[in-house]
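*Asks:* Got a structure here, written out as structure tokens. Questions coming.
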Amino acid sequence: MKKLTIIALAAAFLLPATSFALTGTEIAQKAYDVEDGTTRHTAVQMDLIDKDGSVDARLIEEWGKDDENDLTSVVMVFRSPASVRDTRFLQIENKGRDDDKWIYLPALKRVRRIASSEGDKSFMGSDATYDDMDTREVEQDTHDLIKEESVGQWNCYVVKDTPVDPSDSQYSYRISWIDKQSFVPVKMEMYDKQGELVKVLTVEKLEKVQGYWTPLQNLLKNVQTGHSTRLTVKKIVFDESQPDALYTTNFLQTGRVQ
């Protein structure tokens, strides 16, 4: 990551907000509005990386779609290894309230709804919590443009996102590096309720696929535990026809589209 000099850093904080062409809220809205097709069908490798470097690899098939109100539904099926095979997860975004989430665990042979009180729990042993997987609406946070900075190959706006309602997030605030060309966040720091850095999300590969800017490899690291999760897209297809029955608890229970 390119580092600012002390003088440049000080200047960045001293510049008035009006020196930027866009406000923090406008940048956040553009990031929220990045096009990613009406549907997605993805093969993803999830690597759970312990602090000693050992890796537990998992393969996931994922489908996603947006409805007429631009609300997103996602369903995941764990394909391997055997310890998690046929675990299925469904998330449906809601406007103005928490997303609905369900999980099917083969050992229990039943679908279980994820309660909002479980939002800070790990999703399938990864460094992402259930709340991390929510789509946060722009109005849930205030967005302050604090500087501009390069991260790797990307020239970015740096925006501080603070929850309007502190009880609405497991983080006290987040800092996002948003690429000026694509408006895709290519780095994010997440700070816990004590204001300490807890997680860093880094985009390691970003490319256009079928005309859509797509993060093809991400690393989420918990800096407090040393554990990290890498997600690598093996294959992705946009805008293909998908049956609505995929996005149901019946599919979670049976694994079949009827």
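The values are calculated or read from the model by the stated rules, or taken from the named source; none is laboratory data. Here the structure is a predicted model, which is why all the values come from computation and not from measurement. Neighbour counts run over all protein chains shown; Cβ positions are idealised from the backbone, glycine included. These area figures cover heavy atoms from the full protein model, side chains too; ligands, DNA and RNA do not enter into them. Shrake-Rupley method; radii C 1.70, N 1.55, O 1.52, S 1.80 Å.
*Asks:* Can you pull out the trypsin sites (Lys or Arg not before Pro) in region 78-165 whose DSSP state is coil and whose Cβ has at most 13 other Cβ atoms within 10 Å?
*Replies:* Those that pass, being in a loop and sparsely packed, are 85, 95, 97, 109, 121.
*Asks:* By how many nm would the segment from residue 30 to residue 129 grow when fully extended, if each residue of separation counts as 0.36 nm and the alpha-carbon distance is taken off? Show your work: numbers first, answer last.
*Replies:* Working: separation 99, 0.36 × 99 = 35.64 nm, distance 2.48 nm.
Taking 0.36 nm per residue and subtracting the Cα distance, the gain is 33.2 nm.
*Asks:* Here's a follow-up. Give the residue list of GluC sites (Glu not before Pro) in region 172-252 that are DSSP loop and have at most 10 other beta-carbon atoms within 10 angstrom. Intermediate results must be reported in sequence, preceding the final value.
*Replies:* On the way: sites: 189, 196, 204, 207, 240; in loops: 196, 240.
Answer by residue number: 196.
*Asks:* Can you tell me the length gained on complete extension of the stretch residue 245 to residue 122, counting 0.36 nm per residue apart and subtracting the Cα distance? Numbers along the way, then the final one.
*Replies:* Numbers: separation 123, 0.36 × 123 = 44.28 nm, distance 2.71 nm.
Full-extension gain reported as 41.6 nm.
*Asks:* Could you list the trypsin sites (Lys or Arg not before Pro) in region 191-246 that lie in coil according to DSSP, counting only those with at most 16 other Cβ atoms within 10 Å of their Cβ? It would help to have the intermediate numbers written out before the result.
*Replies:* Details: sites: 193, 199, 205, 208, 221, 230, 234, 235; in loops: 193.
Sparse-neighbourhood loop trypsin sites (Lys or Arg not before Pro): 193.
*Asks:* Whole number in Å², please: accessible area per residue of region 81-172, 1.4 Å probe, ligands, DNA and RNA not counted. Numbers along the way, then the final one.
*Replies:* On the way: 4460 Å² over 92 residues.
Averaged over the residues of region 81-172, the accessible area is 49 Å².
*Asks:* Accessible area per residue of region 24-75 at 1.4 Å probe, in Å²? Each step should come with its number before you reach the end.
*Replies:* Working: 2600 Å² over 52 residues.
It amounts to 50 Å² per residue over region 24-75.
*Asks:* Nothing charged except the Cβ atoms of Lys and Arg (+1) and of Asp and Glu (-1): what's the magnitude of the dipole of the chain about its Cα centre? Round to the nearest 20 debye. Don't skip to the end; give the middle numbers.
*Replies:* Numbers: 33 positive and 43 negative charges, 193 e Å.
With Lys and Arg at +1 and Asp and Glu at -1, about 920 debye.
*Asks:* In addition: Among the listed pairs 30/221; 101/147; 65/187, which have their C-alpha atoms separated by more than 29 angstrom in this model? Walk me through the intermediate numbers first.
*Replies:* On the way: 30/221 26 Å; 101/147 36 Å; 65/187 24 Å.
Table pairs above 29 Å Cα-Cα are 101/147.
*Asks:* Still on this model: Testing the spin-label approximation: label points 7 Å from Cα along Cα→Cβ at residue 59 and residue 162. State their distance in nm.
*Replies:* Once both label points are built, they end up 4.7 nm from each other.
*Asks:* Quick one: putting +1 on the C-beta of Lys and Arg, -1 on the C-beta of Asp and Glu, what dipole do you get for region 149-225 around its Cα centre, in Debye to the nearest 20?
*Replies:* On the way: 9 positive and 10 negative charges, 39 e Å.
Its charge dipole is roughly 180 debye.
*Asks:* Between residue 80 and residue 155, what is 0.36 nm times their sequence separation minus the Cα-Cα distance? Round to one decimal in nm. Before the final figure, lay out the partial values.
*Replies:* Values: separation 75, 0.36 × 75 = 27.00 nm, distance 3.73 nm.
Net length gain for the segment: 23.3 nm.
*Asks:* For residue 105, what is the net charge nearby, where nearby means another residue's Cβ is under 12 Å from its Cβ and Lys, Arg count +1, Asp, Glu -1? Walk me through the numbers on the way to the answer.
*Replies:* Values: positive: 85, 88, 109, 110, 112; negative: 86.
Around residue 105, the charge tally is +4.
*Asks:* So, one more: In debye, nearest 20, what is the charge dipole magnitude of region 110-258 about its Cα centre with +1 on Lys and Arg Cβ and -1 on Asp and Glu Cβ, if you could check?
*Replies:* Using Cβ point charges on Lys, Arg, Asp and Glu, region 110-258 gives about 720 debye.
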